[in-house]
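Contents: one structure, followed by commentary.
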Amino acid sequence: MVDKVSKEKRSYIMSRIRGKDTKPEILVRSYLFSKGLRFRKNDKRYPGTPDVVLPKYKTVVFVNGCFWHLHEGCKYARIPKSNVEFWKKKLYGNKKRDKHNQELLEEMGWKVITVWECELKKDKREQTLENLYAQITSGH
Ligand SMILES: [Zn+2]
């Protein structure tokens, strides 16, 4: 994989990635793009409409909000205290659907990676993105 982005450009992109509270999926896409990866966004042809589709690596990435996708063991993924039954049904339903979509994608031969919003908070962001890149490109 030839990295076509200059050092200056990359450090500019990284400083933006580190410094700002950008939407999580935009952070992930900017980073992957800065690393020279090319991908499709929100491709509806795939189960669950993955945020990032990398055909070359047969990999899809979901960038999930901890609340809506009920990130297990995460402090941001709490069932609200009012309308408990509604929220339980809604959020567990989302989680079940995510799992189903992941299984479908895996059956189709795709590697499925989920990045959680809480892993993209400023203190963890750089490590998370580096790990993601390594996961995508491992074996290539
Ligand atoms: Zn989380």
Checklist entry - Do we find that L105 is surrounded by 13 or more Cβ atoms within 10 Å (Cβ to Cβ) and touching a Leu at 6+ places or on another chain (Cβ under 8 Å) in this structure? => result no
Checklist outcome for this item: F33 meets each of (1) within 23 Å of G139 (Cα to Cα); (2) in contact with a strand residue (DSSP E or B) (Cβ under 7 Å, 6 or more places away or on another chain) with one exception, condition (2)
Checklist outcome for this item: Looking across region 107-126 at residues that are touching a residue at least 12 places away in the same chain (Cβ under 8 Å) and acidic (D, E), the single one that is farthest from the ligand (Cβ to nearest atom) is E126
Checklist entry - What are the residues in region 22-53 that are under 16 Å from Q102 (Cβ atoms) and under 13 Å from the mean Cα position of the chain (by Cα), if any? => result G48, T49, P50, D51, V52, V53
Item to check | Counted residues, region 96-106 - those being in contact with a strand residue (DSSP E or B) (Cβ under 8 Å, 6 or more places away or on another chain) and either among the charged types (D, E, K, R) or without any contact (Cβ under 8 Å) to a residue 12 or more places away in the chain (or both) | outcome: 2
Item to check | Members of region 69-89 that are surrounded by 15 or more Cβ atoms within 10 Å (Cβ to Cβ) and more than 11 Å from the ligand (Cβ to nearest atom) | outcome: I79, W87
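Condition check ((1) of a type in the set (V, I, T); (2) touching a helix residue (DSSP H, G or I) at 6+ places or on another chain (Cβ under 7 Å); (3) at pLDDT 95 or above) across all residues:
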residue	(1), (2), (3)
K4	no, no, no
R18	no, yes, no
P55	no, no, yes
G65	no, yes, no
Checklist entry - For F39, all conditions in the list (1) within 29 Å of S6 (Cβ to Cβ); (2) more than 16 Å from the ligand (Cβ to nearest atom); (3) without any contact (Cβ under 8 Å) to a residue 12 or more places away in the chain; (4) touching a helix residue (DSSP H, G or I) at 6+ places or on another chain (Cβ under 9 Å) hold save one; what is the number of the exception? => result (3)
Item to check | Candidates L129, L104 - the one that is in a helix (DSSP H, G or I), away from the ligand (no atom under 16 Å from the Cβ) and closer than 17 Å to N64 by Cβ | outcome: L104
Item to check | Failed condition for N94, given (1) surrounded by 13 or more Cβ atoms within 10 Å (Cβ to Cβ); (2) within 16 Å of the ligand (Cβ to nearest atom); (3) closer than 19 Å to L27 by Cβ | outcome: (3)
Checklist entry - Taking region 46-68 only, how many residues are more than 16 Å from the ligand (Cβ to nearest atom), assigned to a strand (DSSP E or B) and either acidic (D, E) or more than 16 Å from E106 (Cβ to Cβ) (or both)? => result 1
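The values are calculated or read from the model by the stated rules, or taken from the named source; none is laboratory data. Everything numeric here is computed off the predicted structure, so don't read it as measured data. Cβ coordinates were reconstructed from backbone atoms using ideal geometry, including for glycine residues, and neighbour counts include every protein chain displayed.
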